[in-house]
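Input: a single structure, listed below in structure tokens.
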Amino acid sequence: MALMFFKRAYFRPDDYRKSVSDIDYDRLKSQGVDILFIDLDNTLAPYDESLPSIWAMALLKRLLTAGFTIVLISNNHEARVKRFAAAVGLPYIYSAKKPFGFGYRRAEKRLGRPDRSRICVIGDQLMTDVYGAKRLGYRAILVDALKRKTEKWFTRINRVLEQKALADMQKADPAWFAEMKLAEKR
């Protein structure tokens with residue numbers, strides 16, 4: 001799939017890490033990022049777990065202590081997102097309809113419409129999290145899905161498209177692709 005109908009730059013994450021725990025949050029802070037829009041499903045918790053794990057709780061607490069503002073942003077239904085968010089004490093956006101901007105703009109509004117250069121989106125899907133973030137001018141960090149076996153059918157379709165987009169990016173800019181270590185994602 002050539003990305004000729006879409007701007008290739010919208011699919012290029014600013015960073016790729018194996019998990020949210022591997023992100024250099026100090027570096028983000030030094031770059032002026034202090035707001036994190038973090039995806040829930042398969043980024044912080046697999047689809048089949050409704051409450052945060054001990055490591056997710058510890059990570060989120062550490063980020064809050066470091067001065068980050070965090071909003072959970074998910075395409076999932078309210079009951080799931082609300083239950084997880086309540087357990088960690090974070091604001092949330094459900095039915096975000098990523099990659100469209102509706103959910104992101106709701107999150108911005110909740111925070112008083114901060115400068116977008118302060119925001120980084122963290123998620124496991126190139127087609128929803130990265131594409132949506134980049135279209136709105138946010139930074140985007142792509143991570144691996146926690147547990148692919150429990151993904152919904154529509155996410156599996158996105159994964160097929162994601163693989164084609166990654167192949168296109170590798171062909172178009174092999175040096176950048178190698179630098180980002182995106183071959184590990186494939």
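The numbers here are math on the coordinates, done by the rules we state, and not lab data. Please read all numbers here as calculations on a predicted model, not as lab measurements. Methodologically, a virtual Cβ is constructed for each residue, glycine included, from the backbone with ideal geometry; neighbour enumeration extends over all protein chains shown.
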### Query
What's the extension gain from SER21 to LEU111 if we count 0.36 nm per residue and subtract their Cα-Cα distance?
30.0 nm
### Task
Taking H placed 1.01 Å from N in the peptide plane, check which residues at least 5 places from ALA45 or on another chain put their amide H under 5 Å from its amide H.
none
### Query
Given the pairs LYS7/LYS171; LYS18/LYS82; LYS109/LYS134; LYS97/LYS134; LYS97/LYS171; LYS18/LYS171, which are separated by over 20 angstrom at their Cα positions?
LYS18/LYS82; LYS97/LYS171; LYS18/LYS171
#### Entry: Nearest-0.05 FRET efficiency for ALA9 and LYS82, computed from C-beta distance (R0 25 Å)
0.15
